[in-house]
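Everything on this sheet refers to the single structure shown next.
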Amino acid sequence: MLAFLSRIYYILNPPQTRTPTYDTLPGKPLNFGCLGAAKIAPAALIKPSRTHPEVVLYAVAARDAKRADEFAKKHGFLKSFGGLGGYQDMLDDPAVDVVYNPLPNGLHFEWTMKALAAGKHVLLEKPATCTAAEAAAIYALAKRKNLVVLEAFHYRFHPAIQRVKAIIDSGELGAIKRVEAALTAPEGTAPEGDIRWDYNLGGGSTMDPGCYTVNVLRYLAGCEPTSVLTAKAIPYSDRPEHKQVDRIFWATLAMENESIGEIHANLDEKKLWGIIPRMPKLSAVVECENGTVELFNFLIPHFYHSIRVHPRGKAARVEKAYSFGGAAKGEVWWTTYRYQLEAFVDQIQGRTPQTWINGEDTVANMKWIEVIYAKDGFGSRPASKYQPCAEDERTM
Ligand SMILES: NC(=O)C1=CN([C@@H]2O[C@H](COP(=O)(O)OP(=O)(O)OC[C@H]3O[C@@H](n4cnc5c(N)ncnc54)[C@H](OP(=O)(O)O)[C@@H]3O)[C@@H](O)[C@H]2O)C=CC1
Ligand SMILES: O=C1OC[C@@H](O)[C@H](O)[C@H]1O
């Protein structure tokens with residue numbers, strides 16, 4: 001109980017790192033620019049940056065200049081860019097080294113391509129794009145410009161999911177037979193008007209919580225799907241604009257290793273009988289020949305998680321993994337986002353990150369999201385209308 005409370009305290013109040021001097025820093029400080037005064041920015045970048053000596057909150061850009069300015073002051077960015085040209089002005093600032101892109105999904109492609117064209121590394125929110133072709137174009141441009149892009153599947157950087165993967169890979173439980181993953185959010189988490197319900201901005205449940213379920217299935221199975229066997233989705237509402245916007249989806253996938261994947265997400269889970277809130281589903285379960293491993297709370301394990309390993313015929317054991325231990329980097333209170341930031345900066349600085357997600361992985365995740373949407377009849381989210389400039393077109 002004390003460990004739990006102490007972890008939550010440090011997650012909410014990370015200890016300020018000693019102000020580093022240039023000669024004690026492992027690498028050159030990186031000036032980060034944030035595209036949009038996004039709701040996720042404090043958790044994903046701003047708080048984690050406070051304990052990363054090489055990360056400077058340099059600038060934020062928002063469509064409204066006053067909002068940009070207020071956001072900068074509130075969170076300690078040195079500069080703000082606002083108004084119609086604010087995003088591009090920030091990309092044109094030569095002092096910006098790295099761009100964090102937490103714009104709506106439908107704008108990820110355009111602004112990541114523009115950031116890369118301007119010579120910036122990009123931490124790109126999930127899901128990377130609306131189509132696999134767009135994700136491939138991003139990585140092709142990044143490769144050509146020798147820049148780092150990372151799709152922000154933050155949970156992958158935490159020791160909890162890494163421990164589960166290690167248990168599976170150790171062979172203790174034998175061959176994988178079935179992987180199940182579900183993510184549900186209570187009614188009202190994404191209110192009416194949220195970007196997640198806008199088809200043109202890349203909304204939908206499969207794109208939002210669902211993209212994690214596709215990702216964790218592929219990651220824990222250790223292979224790609226071969227086909228989507230079944231897929232079903234329910235629209236957000238009966239209104240014509242929501243015809244292709246899924247509130248809930250279920251899919252069953254056949255995997256290359258002959259296991260079966262079952263995934264499900266609900267971005268707006270209604271209360272039982274209209275009054276009793278339901279517990280969010282947050283688990284990934286892997287059934288193997290000789291037992292089962294279940295990770296409760298694979299999404300935000302830093303708050304609390306449990307890894308239940310049940311070898312067949314033996315007693316089950318419960319493990320926790322809040323840090324990697326030994327000489328590895330991390331503290332028990334590091335959030336998934338803090339581990340992710342460490343890896344991202346390591347990659348940019350030419351150090352080997354503890355965990356990484358490469359471009360092929362990101363492109364494959366987008367591909368299977370599209371295949372699920374094709375199978376359930378909702379169709380891919382619209383590709384961006386943005387046409388990369390002539391120089392970047394060679395990569396498309
Ligand atoms: N890693 C994680 O745990 C999470 C990731 N996400 C991802 O982050 C991204 C942003 O999510 P979230 O922070 O909830 O989003 P917000 O609703 O806060 O929107 C993000 C930003 O999008 C900008 N924006 C630009 N154009 C539009 C437009 N046409 N309509 C609406 N907004 C626009 C706004 O910028 P401005 O300030 O300039 O107005 C806004 O600040 C998504 O890709 C989402 O999937 C979200 C939550 C958790
Ligand atoms: O990234 C996310 O994680 C949790 C979800 O509930 C949220 O909608 C999503 O954007």
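Kindly state, to the nearest 0.05, the FRET efficiency for Glu289 paired with Asp93, given R0 = 51 Å and r defined as their beta-carbon distance.
Numbers: r = 55 Å, r/R0 = 1.09.
Taking R0 as 51 Å, the efficiency between Glu289 and Asp93 is 0.40.
Rounded to the nearest 0.05, what FRET efficiency is calculated for Arg67 and Ala175 with R0 set to 51 Å and r the Cβ-Cβ distance?
Taking R0 as 51 Å, the efficiency between Arg67 and Ala175 is 0.45.
Only Cα pairs under 8 Å and at least 6 apart count here; give the relative contact order of the range 125-253 as a rounded whole percent.
20
Please report, in whole Å³, the volume per residue of the convex hull around the C-alpha atoms of the range 68-119.
On the way: hull volume 4.4 nm³, N = 52.
Once divided by residue count, the hull of the range 68-119 is 85 Å³.
Sorted by packing (mean other beta-carbon atoms within 10 Å per residue), highest first, where do 53-65, 231-243, 128-140 land? Each step should come with its number before you reach the end.
Values: 53-65: 20.8, 231-243: 15.1, 128-140: 23.3.
Descending packing order for the listed peptides: 128-140, 53-65, 231-243.
Let me test this: with uniform point scatterers at the alpha carbons of the range 83-208, what is the Debye-based log₁₀ I(q)/I(0) at q = 0.12, 0.22 1/Å?
Those come out to -0.61, -1.23, one per q.
Where the centre of each part is set by its Cα atoms, how far does the range 308-333 sit from the range 228-283, in angstrom?
Rounded to whole Å, the Cα centres lie 29 Å apart.
No solvent, one uniform scatterer per C-alpha: report log10 I(q)/I(0) for the range 41-105 via the Debye equation at q = 0.11, 0.29 1/Å, two decimals.
After summing over all Cα pairs, the log10 values are -0.23, -1.45.
Net charge around Glu331, counting only other residues with Cβ within less than 14 Å of its Cβ (Lys, Arg = +1; Asp, Glu = -1)? Before the final figure, lay out each step's value.
Working: positive: Arg7, Lys47, Arg50, Lys329, Arg338; negative: Glu342.
With Lys, Arg at +1 and Asp, Glu at -1, the neighbours total +4.
Could you work out the percent of alpha carbon pairs in the range 2-154 separated by over 21 Å, rounded to a whole number?
Working: 5421 of 11628 pairs.
Of all Cα-Cα distances in the range 2-154, 47 percent exceed 21 Å.
Distance between Cα centroids, the range 97-111 to the range 135-162: provide it in whole Å.
Value for the Cα centre distance between the two parts: 13 Å.
Please list, in chain and number order, the residues 5+ apart from Ser283 or on another chain whose amide H is under 5 Å from its amide H, with Hs placed from the backbone.
The list, which skips near neighbours in sequence, is Ala182, Asn297.
If each of Lys143 and Ala166 carries a label point 7 Å out from its Cα toward its Cβ, how far apart are those two points in nm?
Distance between the two pseudo-spin positions: 3.2 nm.
How large is the Kirkwood hydrodynamic radius of the range 226-329, counting all unique pairs of alpha carbons, in Å? Mind showing how you got there, number by number?
Values: mean 1/r = 0.0589 Å⁻¹.
Across the range 226-329, the inverse of the average 1/r is 17.0 Å.
In nm, what is the difference between 0.36 nm times the number of residues separating Cys223 and Asp194 and their Cα-Cα distance?
Values: separation 29, 0.36 × 29 = 10.44 nm, distance 3.37 nm.
The span from Cys223 to Asp194 would gain 7.1 nm if fully extended.
In nm, to one decimal, how far is the modelled label at Asn257 from the one at Phe4, with both set 7 Å along Cα→Cβ?
It works out to 3.2 nm between the two label points.
Can you tell me what share of the DSSP beta bridges in the range 2-154 is antiparallel? A percent to the nearest 5 is fine.
Around 0 percent of the beta bridges assigned by DSSP in the range 2-154 are antiparallel ones.
Suppose we keep just the DSSP beta bridges with both residues in the chain; what percent of those would be antiparallel, to 5? List each step's numbers first, then the result.
Numbers: 37 of 65 bridges.
If I count the DSSP bridges inside the chain, around 55 percent turn out antiparallel.
How far is it, in nm, from the label point at Glu241 to the one at Leu12 when both lie 7 Å from their Cα along the line to the Cβ?
3.7
Could you tell me the relative contact order of the range 2-154? Use alpha-carbon pairs under 8 Å, at least six residues apart, and round to a whole percent.
18
Relative to 2.2 N^0.38 Å, what does the C-alpha radius of gyration of the chain come to as a ratio? Two decimals please. Walk me through the intermediate numbers first.
Details: Rg = 20.9 Å, N = 396, 2.2 N^0.38 = 21.4 Å.
So the chain has a normalised radius of gyration of 0.98.
Strictly greater than 20 Å: what percent of every Cα pair in the range 159-302 meets that? Walk me through the numbers on the way to the answer.
Details: 5130 of 10296 pairs.
Result for the distance tail: 50 percent.
Between Cys288, Cys211, Cys223, find the one with the highest GNM mean-square fluctuation for the chain; connect C-alpha pairs within less than 10 Å.
Cys223
Tell me, Val286, Val332 in order of fewest to most beta-carbon neighbours within 10 Å? If you can, show how the numbers build up before the last one.
On the way: Val286 26, Val332 16.
Least to most surrounded, the residues fall as Val332, Val286.
Please state the Cα pair-distance histogram of the range 297-370 with 5 angstrom bins from zero: what percent is in each bin?
3, 13, 16, 18, 17, 16, 11, 5, 1, 0
Coordinate-derived values only; no laboratory data. Because the structure is predicted, anything quoted here is derived from the model rather than measured. Positions of Cβ are backbone-derived with ideal geometry, glycine not excepted, and every protein chain shown enters the neighbour counts.
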